[in-house]
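Report on one structure; see the data block that follows.
The values are calculated or read from the model by the stated rules, or taken from the named source; none is laboratory data. Values in this document were obtained by computation on a predicted structure and should not be read as measured data. Glycine gets a Cβ as well: all are built from the backbone with ideal geometry, and neighbour counts include every protein chain shown.
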Amino acid sequence: MTSPNITRRLLPVVAALSAPALIVFVILVAAGKIDPWPALLGAAATLLLTALLLRPYMADVAAVARYARELGRGEEVAAPRLSTEVTADILSALCQFRRAWRLQGEEMASLIGFHETLFDSLPSPLFLLNAQRRIVRSNLAARNTFGRQQQGRDLAAVMRNPDILDAADRVLLGAAGVQVDFGIPGPVEREFRAMVEPLPHIGIDGTVAVLWLHDVTALKQIEQMRADFVANASHELRTPLAALLGFIETLQGPAHDDAEARERFLAIMYEQASRMTRLVTDLLNLSRIELHEHLRPAGRADVAALLRRVATGLELQAGRRKMRIELDLAETLPAVIGEEDELAQIFQNLLDNALKYGREGTAIEVTGRLTNDLPPSFAERNGPAIAIAVKDRGEGIAREHLPRLTERFFRVDTARSRRLGGTGLGLAIVKHVVNRHRGLLTIDSVPGEGSTFTVYLPVAA
Ligand SMILES: Nc1ncnc2c1ncn2[C@@H]1O[C@H](COP(=O)(O)OP(=O)(O)O)[C@@H](O)[C@H]1O
Ligand SMILES: [Mg+2]
């Protein structure tokens, strides 16, 4: 069946191809070589035959053209069936082109997918901005921090901080790059450093600038901790120093000849100077441990022998408060990887605390066992470990204080700790020694009943 479309296209081609034969007929008739009627018949036959011969080609060409148009519109259609060889050739070239094109499309899609994944896996929030300050795109970290609905919105709708908006505006007006620090209030306040940078070329999606946020919460916290530490350490040292100076002045002046006062003051001065010595010793220990905390100790240590030594050393102190240290250690407690001097500081500090904060007349239980009952992350890293638990019966520690207990200079009751000769650094030292030994410290406490400090240490191979 010939469609009207093909017929319309067929007619001029048939006319053009038959024109030479028709002209010959006209000349022959004009020259009187043939009669008009047979010539007319011949011309008609020529036209008809040309049309018949040409028709399948034209139908095929039309089918190929239709197919190409459908492909161009992205439609998934089957290739047409053709009846002529020349057009079949064109069709096969077209199909080849289509395959190459599709392959390229797939490569492009996977490349885009890869870049999207990469963009989303960046840990810092990132925004791409167009010239109107609208968000062209944002990564997963940005969406998680500032909400899901961002694309196409003005930056001001997502981030209200005026300094950032001002920085973005300046960059969009041609500034080289602007940096701003700001905080996001919330249950956990976060601090960010924002950088707005112009792109060297406008992106295909209209991106002209990038806003990048770097989470500096931890950095600021460390900065704050360092400042606090210096302030705390100075304050702790200044207190006994001021007392010493006061007593020295008194002894030089009004109490110069008072023998009884001198004895009393000297005793207090001795106590204050001892306190300063303890503080300086603890500070030095702490800084020494911190200095090589990243290096795991190489030696082996016999914790059972160590515990017996430390406990014996504290017997006098325990006796003063009518307390006992009861050791209950497994008979074959394996050796651990560690340095004995440092490990001794762990148990010295834990037992010292138990003796100070335990109730008078009670016993301190120290148990030592090989254990498999470990937190999963710790077990994965280390394999078997020994657990040393120091349990006292005392007033215990309220739950809210537990997370801060190992901070330097943190005490539940500062005045009381000072009175008992504490520096507030003992548990900080314990934590750092445990960290260096790739161990774990857990604290369980029931206010009114007592506390258990447990140290896990990986067993030496
Ligand atoms: N066994 C314990 N029972 C009750 N509170 C404790 C115990 N061990 C430590 N603490 C609390 O933790 C604080 C910090 O301990 P630590 O760092 O050893 O400092 P210090 O003993 O010098 O005060 C102590 O001041 C005390 O409030
Ligand atoms: Mg202590």
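Of all residues in the stretch 141-173, those satisfying the criterion of being of a type outside the set (Asp, Glu), touching a strand residue (DSSP E or B) at 6+ places or on another chain (Cβ under 8 Å) and over 16 Å from Leu213 (Cβ atoms) are Gln151, Gly152, Arg153, Arg170, Leu172. Only one entry of Gly448, Gly426, Gly358 meets the criterion of being over 33 Å from the mean Cα position of the chain (by Cα) and either within 24 Å of Gly299 (Cβ to Cβ) or near ligand 1 (Cβ under 8 Å from one of its atoms) (or both), and that entry is Gly358. Scoring Ile388 on the criteria (1) over 20 Å from Leu314 (Cβ atoms); (2) touching a Gly at 6+ places or on another chain (Cβ under 6 Å) leaves a single failure, condition (1).
Return yes when Phe410 is surrounded by fewer than 19 Cβ atoms within 10 Å (Cβ to Cβ), aromatic (Phe, Trp, Tyr) and under 30 Å from Ala273 (Cα atoms) and no when it is not. So Phe410 fits the description; yes. For the stretch 337-354, filtered to residues that are more than 15 Å from Asp392 (Cβ to Cβ), among the hydrophobic types (A, V, I, L, M, F, W, C) and modelled with pLDDT of 95 or more, the residue that is farthest from ligand 2 (Cβ to nearest atom) is Leu343.
Results for (1) under 30 Å from Leu284 (Cα atoms); (2) in contact with a helix residue (DSSP H, G or I) (Cβ under 6 Å, 6 or more places away or on another chain); (3) more than 13 Å from ligand 1 (Cβ to nearest atom), shown as yes or no for each residue.
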{"residue": "Asn349", "(1), (2), (3)": "yes, yes, no"}
{"residue": "Ala354", "(1), (2), (3)": "yes, no, no"}
{"residue": "Pro384", "(1), (2), (3)": "no, no, yes"}
{"residue": "Ile388", "(1), (2), (3)": "yes, no, yes"}
{"residue": "Leu402", "(1), (2), (3)": "yes, no, no"}
{"residue": "Leu420", "(1), (2), (3)": "yes, yes, no"}
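Any residue that is buried (at least 21 other Cβ atoms within 10 Å of the Cβ), within 30 Å of the chain's Cα centre (by Cα), part of a helix (DSSP H, G or I) and at pLDDT 95 or above - is there at least one of those in the stretch 397-405? Within the stretch 397-405, not a single residue is buried (at least 21 other Cβ atoms within 10 Å of the Cβ), within 30 Å of the chain's Cα centre (by Cα), part of a helix (DSSP H, G or I) and at pLDDT 95 or above. Just so you know, in the stretch 37-68 the residues that are surrounded by 15 or more Cβ atoms within 10 Å (Cβ to Cβ) and of a type outside the set (A, V, I, L, M, F, W, C) include one that is farthest from the chain's Cα centre (by Cα), and it is Gly42. When residues in the stretch 84-113 are screened for being among the polar types (S, T, N, Q) and surrounded by 12 or more Cβ atoms within 10 Å (Cβ to Cβ), 3 of them pass. Taking the criterion of being closer than 26 Å to Val208 by Cα and touching a residue at least 12 places away in the same chain (Cβ under 8 Å), would at least one residue in the stretch 98-120 satisfy it? Within the stretch 98-120 (the criterion being closer than 26 Å to Val208 by Cα and touching a residue at least 12 places away in the same chain (Cβ under 8 Å)), the answer is yes, since at least one residue qualifies. So in the stretch 391-427, with the set limited to residues that are in contact (Cβ under 8 Å) with a residue 12 or more places away in the chain, more than 12 Å from ligand 2 (Cβ to nearest atom) and small (Gly, Ala, Ser), which one is farthest from Asp444 (Cα to Cα)? Among those residues, the one meeting the criterion is Gly394. Regarding the stretch 46-55, can at least one residue be identified that is β-branched (Val, Ile, Thr) and farther than 26 Å from Ala93 by Cα? The answer is yes; a qualifying residue exists. Is there a residue in the stretch 139-147 that is in a loop (DSSP other than H, G, I, E, B) and under 30 Å from Gly74 (Cβ atoms)? Scanning the stretch 139-147, I find at least one residue that is in a loop (DSSP other than H, G, I, E, B) and under 30 Å from Gly74 (Cβ atoms), so the answer is yes.
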